[in-house]
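As structure tokens, the structure follows; a few thoughts come after it.
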């Protein structure tokens, strides 16, 4: 089987990690190549993984059995153009939607007034994309339900393949002390760090959160963080996210919307609790009261309550982390993600 795994997004996020993990896993049973929108800066941790594969330009059209495009932006116009061009070429196209539900596709997630005609235009865009594809993959049940509900018609071919990680043989217990939290992600409205700052202003316990990531809102967030007297610190980019997770008691995910963030699985795999918003994907990975705490998105009072509560109970944070690690081994394994993707390819091939 000849497979091309393609994405037009950069190589420093969860989408590229998914593509490279899938490429390594499928490489044992298929001829795999990777298509990228070059040039993109390549983080060092991804450079070695890319070296094992032939790298093609995203717009190239090699003959293959499966052309599998991974969308970081559900309205990726470059990807749609390639899907339409490929209908005249050999092979079947598969789409993975990594973030189908956002304020661009669901106006209920944003207070902004929708642009007149945007809803109809975006519906036509997605239905055209689906018509050019043999299958659509969602990485969470909630994302799959949204796609089926929002874009009726050929979206009945939506399949769920959960993200998976490779669990190491060992992990270290949480550090001494209490209330040391970490957050990972781009500094954008989606991630809800303004909600975290609001929570810090009303919290009762002396917990701290170190936030790792870059983005357009860094300056404004850092200015607000200065008023928390060190409770919330924006540290910039990190090349060692798992080490930062291990140095903490829990991961904080105050997002307004998600689909299935890898940071949650990484924290669970490292035996750490998760305090997160009950949004798409996160509420499927985190079991409230067993592997972490779920709170309503955009609710600083409930978030502060959860952060205070876990800061008081170091033993509970450790119990949540142990249960989370077991959940990764049972439900979110990398080999299962690869196997389910390969099985999908076999179903769609003529």
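The values are calculated or read from the model by the stated rules, or taken from the named source; none is laboratory data. The shown structure was predicted, so the numbers you read here are calculated from the model rather than taken from an experiment. Here the Cβ is made from the backbone with ideal geometry for all residues, glycine too, and neighbour counts use every protein chain on show.
Are any residues in the range 223-237 surrounded by fewer than 16 Cβ atoms within 10 Å (Cβ to Cβ) and either assigned to a helix (DSSP H, G or I) or within 23 Å of the chain's Cα centre (by Cα) (or both), and if so, which ones?
Once the filter is applied, which keeps residues that are surrounded by fewer than 16 Cβ atoms within 10 Å (Cβ to Cβ) and either assigned to a helix (DSSP H, G or I) or within 23 Å of the chain's Cα centre (by Cα) (or both), the range 223-237 yields 223, 226, 227, 233, 235, 236, 237.
This table checks each residue for (1) without any contact (Cβ under 8 Å) to a residue 12 or more places away in the chain; (2) in the same structural domain as residue 264 (by TED's automatic domain parsing); (3) crowded, with 21+ Cβ neighbours inside 10 Å; (4) out of contact with any helix residue (DSSP H, G or I) (no Cβ under 7 Å at 6 or more places or on another chain).
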position	(1), (2), (3), (4)
8	no, no, yes, no
44	no, no, no, yes
47	yes, no, no, yes
64	no, no, yes, yes
70	no, no, yes, no
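I'm checking my understanding of the structure. Among residues of the range 194-216 that are under 25 Å from residue 265 (Cβ atoms) and in a loop (DSSP other than H, G, I, E, B), which one is modelled with the highest pLDDT?
For the range 194-216, the residue satisfying everything is 207.
Please verify whether residue 86 is in contact (Cβ under 8 Å) with a residue 12 or more places away in the chain and surrounded by 18 or more Cβ atoms within 10 Å (Cβ to Cβ), treating the condition exactly as stated.
yes
When you check residue 138 against the structure, is it touching a strand residue (DSSP E or B) at 6+ places or on another chain (Cβ under 6 Å) and in contact (Cβ under 8 Å) with a residue 24 or more places away in the chain, yes or no?
yes
Can you find a residue that is buried (at least 21 other Cβ atoms within 10 Å of the Cβ), outside the structural domain of residue 299 (by TED's automatic domain parsing) and under 21 Å from residue 35 (Cβ atoms) anywhere in the range 145-152?
no
Let's see how each residue does on (1) closer than 22 Å to residue 284 by Cα; (2) out of contact with any helix residue (DSSP H, G or I) (no Cβ under 6 Å at 6 or more places or on another chain):
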site	(1), (2)
150	yes, yes
162	yes, yes
165	yes, no
171	no, yes
191	yes, yes
197	no, no
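Any idea which residue in the range 1-41 is farthest from the chain's Cα centre (by Cα), counting only those that are part of a loop (DSSP other than H, G, I, E, B) and farther than 22 Å from residue 99 by Cβ?
Applying the filter and picking the extreme gives 1.
Inside the range 139-174, can you point out the residues that are over 22 Å from residue 24 (Cβ atoms) and in a strand (DSSP E or B)?
The one that is over 22 Å from residue 24 (Cβ atoms) and in a strand (DSSP E or B): 158.
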